[in-house]
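All remarks here apply to the structure that follows.
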Amino acid sequence: MKIIPAPSTCITKEGSLKVTAVDLSAENYMSDLQKLGVRVSLCPSQFSPDNAKTDSQSYSLDVDADGISVKAGGEQGVFYAYVTLAQLLHNYSFELPYCSIVDRPRFNYRGYMLDVGRYFMPVENIKSLMRLCALHKINKFRIHITEDQGWRIEIKKYPLLTQKGSVRNGTNFSHKKHSGFYTQDELKDLVAYCKKFFIELIPEIDMPGHSRAAIACYPELSCFDRKLPVATHWGVKHDILCAGKESTYKFAEDVWDEACQIFDSEYVHIGGDEAPKTRWKICPHCQKKMREEGLENEEQLQSLFVNRLAKYLQSKGKKVMMWNEFSPTFMTDKTLIRQFWSSPAKDQTAIRKELSEGIEYVNSDAASCYLDLPEKTVTLKKGYLFNPFIEGAEKGLTGVEACLWSEYVPDWKKAQKLTLPRLCALSETMWTDIPDDKKEYDEFLSRLDAHCKYLKQFGYLIADYSDSLANKTRKFFSWLWFNRRPLHWEGLHNALDNAKVKRKFGKHK
Ligand code: ACM
Ligand code: ZN
């Protein structure tokens, strides 16, 4: 049947049920189910007794001459039954074929990440993305809320973070200022809003890298107290938080104290990606900390930083996620959930060994899951056929997350067109538990047209995914534009700046 993501099993039968057309809105799903005369019953432990986490998300949906009935393992399962039903009502014009659907999620972590650090996104647009996620049975919405180019979460103890840190004086594409941040009340409202759809809002506060906006406000957070502006252009920055000063740890804990008052999520994400050690190598504070702790290199100092922060958050009852990137990972607490943005290569034996021992991970392999990358590179088909299991480490995989980074996403229109329809394909990878060799891309495409019509009904913009020459040409030019990497002077800028810092401060080592 025409459902995305496809259910685990679906049997259609002879006959159909005419249903009186009503307006449906996921926000009022219980009253909509009543209006439709759906019989709902809860029966915990019936669906997947071996997996308590997904049990409450499972459901069955039956349509026959007696009407529509739903059985679910919990409220969340009722919601997903509703999501399926609403799609069917649209796709079959309120005349439902008799059918029997039994459905449960493949993974417990089905995520969408939005980067609001590079470009601020208004609350109404975020809510619209949350509704879109709900329509795809996604249950984690991760907000990447601090960046080199903007600090966007109000922290009362450090008011400059948003007063100054949320403003950049230009972007890669213009000399115009760009600014915006979320008050704590606005964020609490978002937390409550997505709960209506059984979505958990997870904050990512990226440290020690990607922290130039914070450093612009409080230069003492960096190794050499450098007075730097909020970054205007993207690219990996070398001025990161100093892991040698105790005051940095205090800052991180203070920020998370307030963030944890806002976000009541089970998970939090502490970043950890793209943190060059150029400054740490010549910083007297960092070097002293390494000597005191008996650390051999700066990578181990990052492990120390990560472990301390993770322990702090775990003491608040949080499950802590981080980008899995730096090595050696063996120093890093095994309870941290690793998020991959590139699958470890075959010869990365240390990581592979650790994973094979059961470390929990989320797979966001950029080649399939990065929605900001050109459609010609991260194709719809790649998202659909993505196999998220890392060989030898199948046990630890907890889910998949699609990521929309926003270096190239200045507006709502672009955000939608990069997200759709690729998120539809990825949602099926996240939700539908059919063996990879049974997945048929053409069969998925045969359901996609109706699904896109359904989404358009809510006003969503969807990129052309046809095979037409015009579309291939469009994709080629957007790929070319992306790969031009505008203003790629960043490498030269870093080299010159690094030489300057070394000349001025290098004598400390
Ligand atoms: C990342 O793409 N830097 C996580
Ligand atoms: Zn330092």
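Spelling out what I want: for every residue of the range 148-163, take phi, set θ = phi - 60°, compute 6.51 cos²θ - 1.76 cosθ + 1.60 (Karplus), and round to whole Hz; glycine and proline get x.
With the stated coefficients, the range 148-163 comes to 4, 8, x, 9, 10, 10, 5, 10, 5, 6, 10, x, 4, 3, 9, 4 Hz.
Once amide H atoms are placed 1.01 Å from N in the peptide plane, what residues at a sequence separation of 5 or more from Leu397, or on another chain, have their amide H within under 5 Å of its amide H?
Amide H neighbours of Leu397: Tyr361.
Expressed as a rounded percentage, what relative contact order does the range 363-499 have, with Cα pairs under 8 Å and six or more residues apart?
Numbers: 118 pairs, mean separation 39.3, N = 137.
Answer for the range 363-499 is 29 percent.
Under a Cβ-Cβ limit of 4.7 Å, which cysteines in the chain have nobody to pair with?
Cys10, Cys43, Cys99, Cys133, Cys194, Cys217, Cys260, Cys369, Cys403, Cys424, Cys452
Below 17 Å, Cα to Cα, which aspartates and glutamates can Lys71 reach? Residues fewer than 8 away in the same chain don't count.
Asp32, Asp55, Asp62, Asp103
Name the long-range amide H neighbours of Met321: under 5 Å, sequence gap of 5 or more, or other chain; modelled H, no Pro or chain starts.
The list, which skips near neighbours in sequence, is Val268, His269, Ile270, Ile337.
Filter Lys353/Lys439; Lys127/Lys382; Lys277/Lys500; Lys353/Lys395; Lys319/Lys414; Lys164/Lys288 down to the pairs with a C-alpha to C-alpha distance above 24 Å, please. Write out the running numbers ahead of the final one.
Values: Lys353/Lys439 29 Å; Lys127/Lys382 27 Å; Lys277/Lys500 16 Å; Lys353/Lys395 13 Å; Lys319/Lys414 32 Å; Lys164/Lys288 31 Å.
Too far apart for the 24 Å limit: Lys353/Lys439; Lys127/Lys382; Lys319/Lys414; Lys164/Lys288.
What do you get for the angle between helix 246-262 and the principal long axis of the chain? Use alpha-carbon atoms, 0 to 90 degrees, nearest ten.
20 degrees
Using Cα pairs closer than 8 Å and at least 6 residues apart in sequence, work out the relative contact order for the range 280-364, in percent.
Numbers: 86 pairs, mean separation 18.9, N = 85.
22 percent.
To two decimal places, what compactness ratio does the chain give when its Cα radius of gyration is scaled by 2.2 N^0.38 Å?
On the way: Rg = 23.9 Å, N = 509, 2.2 N^0.38 = 23.5 Å.
The value comes to 1.02.
Could you rank the peptides 117-123, 1-7 by their average count of other C-beta atoms within 10 Å per residue, with the highest value first? Could the numbers behind the result be given before it?
On the way: 117-123: 20.3, 1-7: 22.0.
Output ranking for 117-123, 1-7: 1-7, 117-123.
If you restrict to DSSP beta bridges whose two residues both lie in the chain, what percentage is antiparallel, to the nearest 5?
Values: 23 of 58 bridges.
Counting only bridges with both partners in the chain, antiparallel ones make up about 40 percent.
How big is the range 71-148 in terms of Cα radius of gyration and Dmax, in angstroms?
16.0, 54
Please give the net charge around Thr349, taking every other residue with its beta carbon less than 14 angstrom from that of Thr349, where Lys and Arg add +1 and Asp and Glu add -1. Don't jump to the answer; show the numbers that get you there.
Details: positive: Lys346, Arg352, Lys353; negative: Asp347, Glu354, Glu357, Glu391.
In short, -1.
Considering Cα pairs under 8 angstrom that are at least six residues apart, work out the relative contact order of the chain and quote it in whole percent. Kindly include the intermediate steps, with their values, before the conclusion.
On the way: 999 pairs, mean separation 74.2, N = 509.
Once normalised by length, the contact order is 15 percent.
Give the aspartates and glutamates whose C-alpha is closer than 14 Å to that of Lys475, dropping any in the same chain fewer than 8 places away, or say none.
Asp372, Glu375, Asp464, Asp467
Okay, helix-only estimate at 222 nm for the chain: each DSSP H run of n ≥ 4 adds -39500 (n - 2.57), divide by all residues, round to 500 deg cm²/dmol; what do you get? Show your work: numbers first, answer last.
On the way: 19 runs with 196 residues, N = 509.
That comes out to -11500 deg cm²/dmol.
Which angle from 0 to 90°, rounded to the nearest 10, does the C-alpha axis of helix 490-505 make with the longest principal axis of the chain?
Result, in degrees: 40.
Would you mind computing the Rg to Rh ratio of the range 331-385 from its alpha-carbon coordinates, Kirkwood style for Rh?
Details: Rg = 13.4 Å, Rh = 12.6 Å.
Using Cα coordinates only, the ratio equals 1.06.
Enumerate the amide H contacts of Tyr98 below 5 Å, restricted to partners 5 or more residues apart or on another chain; note that Pro and chain-start residues carry no placed amide H.
Lys13, Gly15, Ser16, Leu17
Just need the Rg to Rh number for the range 137-267, please, alpha carbons only, Kirkwood Rh.
0.99
Which three semi-axes in whole Å describe the equivalent ellipsoid of the range 220-326, each the square root of 5 times a Cα gyration tensor eigenvalue, listed largest first?
Values: eigenvalues 107, 60, 37 Å².
Whole-Å semi-axes of the equivalent ellipsoid: 23, 17, 14.
What percent of all Cα-Cα pairs in the range 385-476 falls into each 10 Å bin, going from 0 up to the bin containing the maximum distance?
All Cα pairs, binned at 10 Å, distribute as 13, 39, 35, 13, 1 percent.
Could you go through the range 277-288 in sequence order and give the Karplus-derived ³J(HN,Hα) for each residue, using 6.51 cos²θ - 1.76 cosθ + 1.60 with θ = phi - 60°, rounded to whole Hz, and x for Gly and Pro?
9, 3, 6, 4, 5, 10, 8, x, 5, 5, 5, 5
Of the listed peptides 246-255, 290-299, what is their order by residue-averaged count of other C-beta atoms within 10 Å, with the highest listed first? Intermediate results must be reported in sequence, preceding the final value.
Numbers: 246-255: 16.6, 290-299: 13.5.
The most tightly packed comes first, giving 246-255, 290-299.
By average Cβ neighbour count within 10 Å, what is the ranking of 188-195, 342-349, 372-379 from highest down? Could you put the intermediate results ahead of the total?
Details: 188-195: 16.6, 342-349: 13.1, 372-379: 19.0.
My ranking of the peptides, most packed first, is 372-379, 188-195, 342-349.
From the phi angles alone, apply the Karplus equation (6.51, -1.76, 1.60; θ = phi - 60°) to the range 226-240 and give each ³J(HN,Hα) in whole Hz, x where the residue is Gly or Pro.
The phi angles translate into 6, 8, 10, x, 4, 4, 8, 9, 8, x, 6, 9, 8, 8, 10 Hz.
The numbers here are math on the coordinates, done by the rules we state, and not lab data. Given the structure is predicted, the values throughout are model-derived calculations rather than measurements. Reconstructed Cβ throughout: ideal geometry from the backbone, glycine too, with neighbour counts over all protein chains shown.
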